[in-house]
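The values are calculated or read from the model by the stated rules, or taken from the named source; none is laboratory data. What you are looking at is a predicted structure, and each value in this text was computed from that prediction instead of being measured. Every residue, glycine as well, gets a Cβ built from its backbone with ideal geometry; the counts of neighbours run over all protein chains shown. These area figures cover heavy atoms from the full protein model, side chains too; ligands, DNA and RNA do not enter into them. Shrake-Rupley method; radii C 1.70, N 1.55, O 1.52, S 1.80 Å.
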Amino acid sequence: KWTFHNDVSTITFTGSTVTGSHSGGFNEFSGHFFVDGDTLAASGHKVVIDMNSTFSDAEKLTTHLKAADFFNVETYPESTFEVSAIEKKVGAKGESHALTGNFTLHGVTKSIAIPVTVTQSAEAINVKADFFINRLDFGIEYAGKKDDLIRKEVVIKFDLNAKPEAK
């Protein structure tokens, strides 16, 4: 079991409207990967995000993202991604693997596939991704201002660095 923490890893997002975009992410998250020999195990990997740790490039937006219109962190304080399968697969941007699993956001769980780049040494595993989700699939339906509608696609990037747990 190899664990990662937010001190050496990042999870960020970019949401956009007709006229611009905003970036943000999460300050508090944790998780683990399982290694089988010299590669990632077929399943058992997990990411847990503390939705209260949401931040953005604008303080007013951060407050709104935590409210009922978006993440509703009072009702849904955590989001999770639990991997059910991993396969070696070259992606459109040169990714090395595809992770398939259940992503729970805003109280909705959907199976998603994420193209990732996995690099591994004896001391660390790094898993990077750059993909998008449709926020409407997760019940996040706030439309935005009439003259500046919010796009349904949200770009998510993560860079997770895991180290073996102490035995």
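Worth a mention:
- Selection status of V73, farther than 17 Å from G31 by Cβ and either in contact (Cβ under 8 Å) with a residue 12 or more places away in the chain or touching a helix residue (DSSP H, G or I) at 6+ places or on another chain (Cβ under 6 Å) (or both): yes
- Scanning region 37-53 for residues that are at pLDDT 95 or above and hydroxyl-bearing (S, T, Y) turns up at least one hit.
- Residues in region 74-109 that are aliphatic (A, V, I, L, M) and closer than 17 Å to N134 by Cβ: L105, V108.
- Residue in region 6-19 that is open to solvent by 30 Å² or more (accessible area, probe 1.4 Å), more than 26 Å from T100 (Cα to Cα) and assigned to a loop (DSSP other than H, G, I, E, B) present: yes
- Those strands (runs of 3 or more DSSP E) lying entirely in region 93-167 with at least 1 residues of a type in the set (D, E, K, R): 108-120, 125-134, 148-164
- Filter result for I49 (of a type outside the set (S, T, Y), in contact with a Phe, Trp or Tyr (Cβ under 8 Å, 6 or more places away or on another chain) and assigned to a strand (DSSP E or B)): yes
- Enumeration of residues in region 112-127 that are farther than 17 Å from V155 by Cα and open to solvent by 50 Å² or more (accessible area, probe 1.4 Å): T119, Q120, S121, A122, E123
- Test: residue in region 77-95 that is closer than 17 Å to Y142 by Cα and modelled with pLDDT of 95 or more: no
- Only one entry of K60, K89 meets the criterion of being surrounded by fewer than 16 Cβ atoms within 10 Å (Cβ to Cβ) and in contact with a His (Cβ under 7 Å, 6 or more places away or on another chain), and that entry is K89.
For (1) among the acidic types (D, E); (2) assigned to a strand (DSSP E or B); (3) farther than 26 Å from K163 by Cβ, each residue gets a yes or a no:
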position: T3; (1), (2), (3): no, yes, no
position: G31; (1), (2), (3): no, yes, no
position: G44; (1), (2), (3): no, no, no
position: K60; (1), (2), (3): no, no, yes
position: A68; (1), (2), (3): no, no, yes
position: N72; (1), (2), (3): no, no, yes
position: Y76; (1), (2), (3): no, no, yes
position: T80; (1), (2), (3): no, yes, no
position: I86; (1), (2), (3): no, yes, no
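- Counted residues, region 27-57 - those being over 19 Å from I156 (Cβ atoms) and surrounded by fewer than 14 Cβ atoms within 10 Å (Cβ to Cβ): 5
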